[in-house]
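To keep things clear, I will list the structure first and then write my remarks on it.
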Amino acid sequence: MTVPRIALAAFMLESNGHAPPATRAEFEASCWLEGDALAADLARPAPRAPTALTGFIRAMDGGRPWAPVPLVAAAAGASGPIEQDVFDDLLLRIEHGLRAAMPLDGVFLSLHGAATATVEVDPDGVLLARVRAVVGPDVPVIATLDLHANVSRAMVDHADVLIAFVTNPHVDMAERGAEAAAAMRAMLGGMRPRAGFVKLPMIPPATSQNTDCGPYADAIAHGRGFLDHEVLNVSISSGFSLGDTPKNGLSVVVTTRTDAARAQAVAEEIARFIWSSRGRWVANLLPLEETVRRAKAVGEDARAPSLLFADVADNPGGGGRGNTVWILEAFHAAGVRGAVLGVFNDPELAAEAHLLGEGARFTAHFNRAETHPLSHAFTAEALVEALHGGRITGRRGIYAGREVDLGPMALLRIGGLRVAVATHRRQLCEPAMLECLGVDLGAARSLVVKSRGHFRAGFDEAFTPDRILEVDVPGLTTVVLQRVPWRQVPRPIWPLDAAMEWAP
Ligand SMILES: [Zn+2]
């Protein structure tokens with residue numbers, strides 16, 4: 001009996017067009033696994049490989065026998081554009097792996113969809129085109145995408161099925177992988193799906209894109225209303241505005257079993273619905289001065305409900321440096337008490353704290369080696385309260401059950417504040433990132449997270465939505481889009497050109 005042989009690969013990077021390039025070392029610190037090493041990782045209880053990939057595999061394992069052919073999984077979260085030679089090398093490895101593995105019955109790719117390279121503006125499209133060129137037109141090529149994918153025509157044309165995450169925070173990654181597995185099984189059974197695609201000239205602020213309620217939730221509910229025996233999948237990708245690429249923008253991809261005209265008509269109808277709701281996709285930020293006032297107040301009143309302040313403009317999950325000190329500096333100057341802030345990406349400071357040891361007092365110099373102008377230096381007297389190696393297993397939200405490596409970490413006490421410092425740039429969206437340092441989140445009066453929104457699925461035990469405030473400070477991931485020095489986004493585009501008209 002022959003079993004279907006399915007090649008597996010992942011390329012997950014969200015590129016901020018204004019952040020320094022993503023290097024091979026950055027991928028390696030997060031996930032760059034090939035062949036046997038990838039197979040071994042996938043067999044671990046807490047793998048590093050992307051959750052959409054592990055979800056796909058688990059669902060395939062639940063069905064008839066199949067033969068996975070693991071090629072490469074490269075994932076770096078969010079950073080700047082991938083260095084072109086690193087991307088070219090990855091392409092070659094995937095291409096060689098595919099050629100060596102032929103004949104194949106299918107290819108599954110876990111993609112983000114908002115990568116850029118330092119030269120190429122659409123690496124996801126190039127990768128899909130290259131895969132298609134190797135396997136030919138008849139082998140199913142199915143990919144999952146992040147909800148923040150900037151979908152291009154090339155991506156749609158070279159894949160048979162694209163399935164984007166539906167939730168933000170992305171707690172459905174495994175489920176979408178399983179949906180891709182179901183589509184793969186259907187294609188192995190002879191289905192030849194069709195896609196409709198509409199790109200809207202719309203880059204809504206990132207903080208307007210939560211899917212629990214609001215305009216995005218309504219768009220998704222509207223889109224899912226079209227699912228039936230013919231419409232297999234509706235993917236509404238809000239896009240990653242700060243990619244600053246010609247393919248920026250919200251997109252709708254609709255996949256049908258056979259009917260191309262229906263797919264396109266449904267995509268256009270959903271696009272019209274979203275366009276008419278554009279005035280609701282707005283950011284609602286708290287000025288720094290008011291943030292300090294609120295933090296000081298809860299710090300001095302043990303009975304007041306604790307608050308979570310999101311430093312949405314310095315989100316490593318969107319390519320932020322994870323080290324701006326606007327809030328830290330202001331809290332310190334104002335004498336805020338009972339606040340926990342993190343995670344600051346400062347390898348030099350973390351290394352110094354490890355050298356000095358727990359209990360040491362020293363003058364902490366933040367950002368001594370950083371050159372980005374928005375990440376200025378900050379100096380304060382500090383006590384090393386706790387140290388940790390930084391390898392944690394996530395317990396909630398997007399990192400649940402996955403290993404994350406932050407490198408050597410330190411918890412510094414600075415006046416009434418406690419500041420978590422790490423060696424690798426990661427967004428604070430997982431309580432284990434603080435609990436490993438002995439932080440009791442229930443006892444903190446306020447928590448400042450460097451994260452745009454994924455923290456909502458990690459810190460929901462301690463902070464209900466009414467106790468979460470999004471702060472307006474400068475940063476590479478600001479949601480005040482009028483402040484971004486745009487270079488490549490197509491114009492006109494909403495909300496930068498607020499008065500524009502458009503129809504699909
Ligand atoms: Zn995303």
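Before moving on, here are some points about what is shown:
- Residue in the range 59-75 that is part of a strand (DSSP E or B) and under 19 Å from ILE392 (Cβ atoms) present: yes
- Just one residue in the set PHE56, PHE11 is open to solvent by less than 10 Å² (accessible area, probe 1.4 Å) and part of a helix (DSSP H, G or I); that residue is PHE56.
- Restricting attention to the range 38-53, the residues being open to solvent by less than 50 Å² (accessible area, probe 1.4 Å), away from the ligand (no atom under 16 Å from the Cβ) and among the aliphatic types (A, V, I, L, M) number 5.
- Any chance THR144 is touching a helix residue (DSSP H, G or I) at 6+ places or on another chain (Cβ under 8 Å), open to solvent by 10 Å² or more (accessible area, probe 1.4 Å) and either assigned by TED's automatic domain parsing to the domain that holds THR167 or touching a residue at least 40 places away in the same chain (Cβ under 8 Å) (or both): no
- Strands (runs of 3 or more DSSP E) completely within the range 291-397 that count 3 or more residues being free of Cβ contacts under 8 Å to residues at least 60 places away in the same chain: 361-366, 378-388
- A count restricted to the range 147-172 and to residues that are open to solvent by 30 Å² or more (accessible area, probe 1.4 Å), under 23 Å from ALA78 (Cα atoms) and assigned to a helix (DSSP H, G or I) stands at 2.
- Conditions (1) closer than 30 Å to GLU120 by Cβ; (2) open to solvent by less than 50 Å² (accessible area, probe 1.4 Å); number of the one not met by PRO215: (1)
- Checked against (1) open to solvent by less than 10 Å² (accessible area, probe 1.4 Å); (2) in contact with a strand residue (DSSP E or B) (Cβ under 9 Å, 6 or more places away or on another chain), LEU481 passes all but condition (2).
- Only one entry of PRO373, PRO347 meets the criterion of being farther than 17 Å from VAL439 by Cα, at pLDDT below 95 and not acidic (Asp, Glu), and that entry is PRO373.
- Taking the criterion of being in a helix (DSSP H, G or I) and more than 16 Å from the ligand (Cβ to nearest atom), the residues of the range 107-125 that qualify are PRO123, GLY125.
- Residue among GLY442, GLY407 that is under 22 Å from TRP32 (Cβ atoms) and either surrounded by fewer than 24 Cβ atoms within 10 Å (Cβ to Cβ) or free of Cβ contacts under 8 Å to residues at least 40 places away in the same chain (or both): GLY407
- Taking (1) closer than 15 Å to VAL298 by Cβ; (2) open to solvent by 20 Å² or more (accessible area, probe 1.4 Å); (3) among the hydrophobic types (A, V, I, L, M, F, W, C) in turn, CYS436 satisfies each apart from (1).
- Hits in the range 452-467 - residues which are under 20 Å from GLU435 (Cα atoms), open to solvent by 20 Å² or more (accessible area, probe 1.4 Å) and away from the ligand (no atom under 16 Å from the Cβ): ASP460, GLU461, ALA462, THR464
- Residue match in the range 20-28 (condition: farther than 21 Å from ALA164 by Cβ and within 16 Å of the ligand (Cβ to nearest atom)): yes
- Condition check for HIS454: free of Cβ contacts under 8 Å to residues at least 60 places away in the same chain and touching a Pro at 6+ places or on another chain (Cβ under 9 Å): no
- The set of residues in the range 409-424 that are touching a Leu at 6+ places or on another chain (Cβ under 9 Å) and assigned to a loop (DSSP other than H, G, I, E, B) comprises THR423, HIS424.
- Scanning the range 129-143 for residues that are in a helix (DSSP H, G or I) and in contact with a strand residue (DSSP E or B) (Cβ under 8 Å, 6 or more places away or on another chain) yields VAL131, ARG132, VAL135.
- Residue count for the range 132-177, restricted to those that are more than 15 Å from the ligand (Cβ to nearest atom) and polar (S, T, N, Q): 1
- Test: residue in the range 178-193 that is touching a residue at least 60 places away in the same chain (Cβ under 8 Å) and within 16 Å of the ligand (Cβ to nearest atom): no
- Yes/no for ALA219 being in a loop (DSSP other than H, G, I, E, B) and either at pLDDT below 95 or closer than 30 Å to SER79 by Cα (or both): no
- Hey, GLY35 more than 22 Å from the chain's Cα centre (by Cα) and not assigned by TED's automatic domain parsing to the domain that holds GLU403 or not: yes
- Enumeration of residues in the range 16-45 that are of a type in the set (A, V, I, L, M) and either without any contact (Cβ under 8 Å) to a residue 40 or more places away in the chain or closer than 30 Å to ALA313 by Cα (or both): ALA19, ALA22, ALA25, ALA29, ALA37, LEU38, ALA39, ALA40, LEU42, ALA43
The values are calculated or read from the model by the stated rules, or taken from the named source; none is laboratory data. Computed from a predicted model, the values in this text were never measured in an experiment. Neighbour counts run over all protein chains shown; Cβ positions are idealised from the backbone, glycine included. Side chains are part of the model used for accessible areas, which takes the heavy atoms of the whole protein and leaves out ligands, DNA and RNA. Shrake-Rupley method; radii C 1.70, N 1.55, O 1.52, S 1.80 Å.
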